[in-house]
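Notes follow the structure.
The values are calculated or read from the model by the stated rules, or taken from the named source; none is laboratory data. It should be emphasised that the depicted structure is a prediction, and the values quoted were computed from it without experimental measurement. A quick note on method: Cβ atoms are made from the backbone with ideal geometry, for glycine too, and the neighbour counts reach across all protein chains shown.
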Amino acid sequence: MNGDLLLYGAFAGGICAIAGIATGRERLRKAGTAALFGLLLAATLLLSYAFAVSDFSYYYVWKFSSTVYPLYYKLSGVLAGQEGTLLFWAMLIAAGGLWLERHGTEFARRSQMIVVLLALYFTGMTLVQSPFEPYPGSPPSEGYGLNPLLLDPWMALHPLTTFLGYGATAVPFAGALVYLFMSARGASDSACRVWITEGLQWLRYAWLFSTISMAFGGIWAYKTLGWGGFWAWDPVEASMLLPWMVMTAALHLGVEHRRNMRRYSVLAPLLTAYSFTFTVFATAVTRSGIFESVHAFIAGGAGKYVMLLLGISAALPLLLGLAKWYRFRSSVRESTRREEIFYAAVLVLIVMTFIVFYGVSFPPVVKLLTAKKYAVTKQFFNLWLYPFFLLLLLLTGLGLSYYEHRRKEAAREFLIFSAVTVLAMLIKPGENFNIVDYTSFISAKKPLLYATVGEISALSVLPPVAYILYACGIRARLTGLRVREVGVVLVHAGLAVIAIGVVFSPLFTSEFSVSFQRGEIGVEKPLMYAEFHEGFGRLGTWGVHSREVPSEYSAVLLGVREYLEGLKSARYWVDVDEFAKSNLSEGQVYSVRGYVELAVPAEHAMFVKLTDGKASLWVAAPPYSLKKGEEVVATGMVLLNVPLPDGTTGAVLLSDSLSFLEEMAFRRVQEVEIEVLRGSKRIAKGVMKYETYSNGDARRPMIDRSLWGDVFAVLDMKVGDVVSMTVRIKPFINLVWFGVTLFLFGIVLCILQERGQRVRPGP
Amino acid sequence: MPAVEKILTLLALGAVFGFAYYSLNSTPVISDRNFTYIAELEWYQTYEEGLREAKLQNKTLMVYFWTIWCIYCEKYHTEVFSRPDINAILSEKFVRVAVDMDVNKRDTRRFGVQAPPYIVFMTPEERVLMRVPGYVPADEFRRILDTVLAEAER
């Protein structure tokens, strides 16, 4: 079935829905919205089915799949490229449009109009760049396949969670716009209240999935990109952080807005709307090709429409917000201390968001305009964000522990913890406590501010973290074990734990290198220091190490194995023995598999004797360099009664090319097993792999986890005569994952509590 | 808007503009339309431009492959190329080309370079004098420069 037809149908359905909403025809609207969602869902399912059964008549399926993948990797191909993600995103937005059918208010109709328009826009983009494009020519029996780096269970789930999060921002976006529009025209707060009650819950889902998605992406990067880092301030990572930061700000301000709708009646909807805008921005960064990044897959045909959508979704909320602000300059004159703390924290978050946004967007923009290229590296982000990060953590502690009746205590605690933080900035037990290596490239000019921030000690993160944990304790004691409060406490405690992990783990990572001769099984060699420390966020090492000093650690090579895995297409040959038994007739074409026993050069060709242990066969083939025992498949015509090199006469297979089974394998795996010792004590043992695919290579590290940290080892290159590897000892890294887990539990609890006691909209 | 919040908002706006201004003025420019700037030296951006200049001046050509995210390149810039003696030799005796591997894929492929940093020394007649893969500390790099120049004389 042609999937494009489903897309056209969905598009038509969307237009009916718009017409239905505009003219007030309920049946048309209902049918249109349902058709829009239903047909997009059908198209998504059709595409998933095509992936599941490896239907390579679709170019998109061919490009991102292979018959040898297990089902989940096949299905992960659906979201591997722009085409599939646009379709999936359109489907999610349309689901939001359908969900709005539950509400009968005018507010819901207007929101639905916007959501359906968005879904239409995404459907249109999907049509421009359709995943149902047929394969040019007759479809091959095997797909090109995913980039081998993406063959990872975490990566299979990362795009799914990303787009679930992105998709959930559409309804709050629409709600916020309608709220700004209606309230600017004088609608009462009660008529619009639904935007924040329902919008917050959608935002929480979006926040949950965005958090999961970043965590999965981080785990994948840690495992797969070889440099063993979870975050590198790559433009795509940074731009993915943006919607998350805006959502965080919107959620916090939204809670205050819901408490009192006269507060933050412009900023809360503006931030909510921008949660969506920044998801579009992230997509533009990923797919527009303007930004240099490991994620910059392919600059696609829908790129300019993404940019257009970005422009519209950035301008519209801003204009509506300004209009509302201009007409109703807030009549609120008084603020509570609690609100002020919240507001200050949200402002800090907005400043941080701006720093990230600016860091991502100004270099390419300036480069387009003036051809000047600026050096914005991870040091840039770390330098600028760290002071604000500390401030945010301190304010978080204050916000958590602040209650009207303990006003004085809260202020005192805040001052004490802040003072200790400032003191801690100056205490450096060692060289590697510097937050940023300010001697690096970014500060070639050594500006004063950079040199100063670069000197801050990493210890300074501990007091704010202690403050948050202390504040969580106070809050838990004062509020008891209410579900929502436990959720809030867990989220913030998670943040504190993550903070220690992300600051200390890269700082105290030690990196070593060691190499063995392939045959040195059981030999113990000292790990050589490559670099003592990497600095905050200094990830990525290439090239020759400058210092090589033996360390207290050593490694023992336990084994080296090599094998082939998975045959790319179904078996299409016979073994030599089956061939010999079959009834041969001259001129018939056969594919025969066997092992090379003997190769005799002849003029312009060679005779190869294949065997499988039971029978043998002579093959005439073009000259190859063959090794004895190599497994090959020869395809060609049979000639009978030919004089053979061994003096007899018999059948010969006249083959114009030999296929090496190795080339037909899904991957060639080299496995190296080592154990790592500290002194004479074993601290880690495991297997690392180097995998060679037809479309690229991937290195899979050995990660031996323990409570205090990971031992991470990865092969430097393909195993030849030399087995050379990089070993990293990464303390504190598991705090990051532990913190993320707490964080996620917290969000889920908040969502569940909200579901339990939501105020249902009136009739 | 309540007074306290007004002040906070102004502070935040100040932080945003202060940051934008300060960072724009302190973030180093690494290239413009004509040259790449590394270690206060001008580098040609493509092999062709460098080769043309090397032929004109009859000087040895140094082709340096780098990327912005490579920390050993950073080390080259801050510890090796910027050391006064090396800096002087580079500026007087060599025509320099810096190939940003993320941007100039053509020259990267032409020299078959896999990973930065990577340096190729050549005569104006395109005879390769030496290939230096990876990072080399300053003292050793100085010796390499001397060897290359002696070799180029022959």
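Being crowded, with 22+ Cβ neighbours inside 10 Å, under 29 Å from A:L715 (Cβ atoms), modelled with pLDDT of 85 or more and away from every other protein chain (no Cβ under 14 Å): is that true of A:L558 here? Even if it seems obvious, please write down each step before you answer.
Values: crowded, with 22+ Cβ neighbours inside 10 Å: no; under 29 Å from A:L715 (Cβ atoms): yes; modelled with pLDDT of 85 or more: yes; away from every other protein chain (no Cβ under 14 Å): yes.
The answer is no for A:L558.
So which residues in the range A:63-82 are among the hydrophobic types (A, V, I, L, M, F, W, C) and buried (at least 20 other Cβ atoms within 10 Å of the Cβ), if there are any at all? If you could, list the steps in order and put the result at the bottom.
Here is the first cut: in the range A:63-82, the ones among the hydrophobic types (A, V, I, L, M, F, W, C) are A:64, A:68, A:71, A:75, A:78-80.
Across the range A:63-82, the qualifying residues are A:F64, A:V78, A:L79, A:A80.
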Handout entry: A:G709 being small (G, A, S) and in contact with a Lys or Arg (Cβ under 8 Å, 6 or more places away or on another chain)
Key = yes
Practice task
Could you tell me which numbered condition B:S31 fails, if it satisfies all but one of (1) in contact with a strand residue (DSSP E or B) (Cβ under 6 Å, 6 or more places away or on another chain); (2) more than 7 Å from chain A (Cβ to nearest Cβ)?
Solution key: (2)
Problem - For A:F354: the one exception among (1) facing another protein chain (nearest Cβ under 9 Å); (2) farther than 18 Å from A:A314 by Cβ - result: (2)
Practice task
For the range A:503-511, indicate whether the set of residues that are within 26 Å of A:T421 (Cα to Cα) and touching an Asp or Glu at 6+ places or on another chain (Cβ under 7 Å) is non-empty.
Solution key: yes
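Based on this model, can you work out whether A:S655 counts as at pLDDT below 80 and either touching a Lys or Arg at 6+ places or on another chain (Cβ under 6 Å) or within 26 Å of A:D577 (Cα to Cα) (or both)? Write out each step before concluding.
On the way: at pLDDT below 80: no; either touching a Lys or Arg at 6+ places or on another chain (Cβ under 6 Å) or within 26 Å of A:D577 (Cα to Cα) (or both): yes.
No: the conditions fail for A:S655.
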Exercise for the section: Run B:L56 past the list (1) more than 9 Å from chain A (Cβ to nearest Cβ); (2) farther than 12 Å from B:L145 by Cβ; (3) aliphatic (A, V, I, L, M); (4) under 13 Å from the mean Cα position of the chain (by Cα) and report the number of the one that doesn't hold. Expected result: (4)
Practice task
With the condition kept exactly as written, say whether any residue in the range A:83-105 is touching a Pro at 6+ places or on another chain (Cβ under 6 Å), more than 21 Å from A:T44 (Cα to Cα) and in contact (Cβ under 8 Å) with a residue 24 or more places away in the chain.
Solution key: yes
Exercise for the section: Considering every residue within the range A:462-469, establish whether at least one is modelled with pLDDT under 95 and surrounded by fewer than 20 Cβ atoms within 10 Å (Cβ to Cβ). Expected result: no
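For every residue, the table says whether it meets (1) buried (at least 24 other Cβ atoms within 10 Å of the Cβ); (2) of a type in the set (S, T, N, Q); (3) farther than 19 Å from A:F37 by Cα; (4) within 12 Å of the chain's Cα centre (by Cα).
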residue: A:M155; (1), (2), (3), (4): no, no, yes, yes
residue: A:L160; (1), (2), (3), (4): no, no, no, yes
residue: A:F163; (1), (2), (3), (4): no, no, no, yes
residue: A:A184; (1), (2), (3), (4): no, no, yes, no
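Take residues that are touching a helix residue (DSSP H, G or I) at 6+ places or on another chain (Cβ under 8 Å) and of a type in the set (S, T, Y) and tell me which of the helices (runs of 4 or more DSSP H) falling wholly in the range A:399-501 contain 2 or more. Full working, then the answer.
On the way: elements: A:407-426, A:448-454, A:462-479.
Fully inside the range A:399-501 and qualifying: A:407-426, A:462-479.
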Exercise for the section: Being touching a Phe, Trp or Tyr at 6+ places or on another chain (Cβ under 7 Å) and among the small types (G, A, S) is the filter here, so list the residues in the range A:67-93 that pass it. Expected result: A:G77, A:A80, A:G81, A:G84, A:A90
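Within the range A:701-750, track down each residue that is within 30 Å of A:K63 (Cα to Cα) and surrounded by fewer than 21 Cβ atoms within 10 Å (Cβ to Cβ).
Here is the first cut: in the range A:701-750, the residues within 30 Å of A:K63 (Cα to Cα) are A:701-702, A:714-719.
Within the range A:701-750, A:D716, A:M717, A:K718, A:V719 qualify.
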Practice task
Could you name every one of the helices (runs of 4 or more DSSP H) located completely within the range A:188-276 that has at least 2 residues being aromatic (F, W, Y)?
Solution key: A:194-224
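Just for the range A:335-351: of the residues that are assigned to a helix (DSSP H, G or I) and facing chain B (nearest Cβ under 7 Å), which one is nearest to B:V16 (Cα to Cα)? Break it down into steps so the answer makes sense when it comes.
Step one: of the range A:335-351, the residues assigned to a helix (DSSP H, G or I) are A:337-351.
This time we only want the ones that are facing chain B (nearest Cβ under 7 Å), so: A:340, A:343-344, A:347, A:350-351.
Numbers: A:E340: 19, A:Y343: 16, A:A344: 14, A:L347: 10, A:I350: 9, A:V351: 6 Å.
Only one residue fits best here, namely A:V351.
Tell me whether the range A:325-334 contains one or more residues that are away from chain B (no Cβ under 11 Å), outside any helix (DSSP H, G or I) and in contact with a Ser or Thr (Cβ under 9 Å, 6 or more places away or on another chain).
Of the range A:325-334, the ones away from chain B (no Cβ under 11 Å) are A:326-328.
Filter once more, so that each one left must be outside any helix (DSSP H, G or I): A:328.
In the following step, the residues that additionally are in contact with a Ser or Thr (Cβ under 9 Å, 6 or more places away or on another chain) were identified as A:328.
Checked the range A:325-334: at least one residue is away from chain B (no Cβ under 11 Å), outside any helix (DSSP H, G or I) and in contact with a Ser or Thr (Cβ under 9 Å, 6 or more places away or on another chain).
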Completion exercise
The strands (runs of 3 or more DSSP E) lying wholly within the range B:46-154 that contain at least 2 residues that are among the aliphatic types (A, V, I, L, M) and surrounded by fewer than 20 Cβ atoms within 10 Å (Cβ to Cβ) are B:128-133
Practice task
Name every residue in the range A:381-401 that is more than 11 Å from chain B (Cβ to nearest Cβ) and touching a Gly at 6+ places or on another chain (Cβ under 7 Å), in order of residue number.
Solution key: A:N382
Fill in the blank from the handout: Given the conditions (1) in contact with a strand residue (DSSP E or B) (Cβ under 9 Å, 6 or more places away or on another chain); (2) modelled with pLDDT of 95 or more, every one holds for A:A458 apart from (2)
Practice task
Within the range B:39-72, work out how many residues are at pLDDT below 85 and of a type outside the set (S, T, Y).
Solution key: 6
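Given the structure, is A:L160 part of a helix (DSSP H, G or I), modelled with pLDDT under 95 and in contact with a Leu (Cβ under 8 Å, 6 or more places away or on another chain)?
Details: part of a helix (DSSP H, G or I): yes; modelled with pLDDT under 95: no; in contact with a Leu (Cβ under 8 Å, 6 or more places away or on another chain): yes.
The answer is no for A:L160.
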Problem - Test set (1) more than 8 Å from chain A (Cβ to nearest Cβ); (2) in contact with a Gly (Cβ under 9 Å, 6 or more places away or on another chain); (3) of a type in the set (G, A, S) - B:S91 fails condition number - result: (2)
Practice task
Please verify whether the range A:361-380 includes one or more residues that are touching a residue at least 12 places away in the same chain (Cβ under 8 Å), at the interface with another protein chain (Cβ under 7 Å from one of its Cβ atoms), buried (at least 23 other Cβ atoms within 10 Å of the Cβ) and not in a loop (DSSP other than H, G, I, E, B).
Solution key: yes
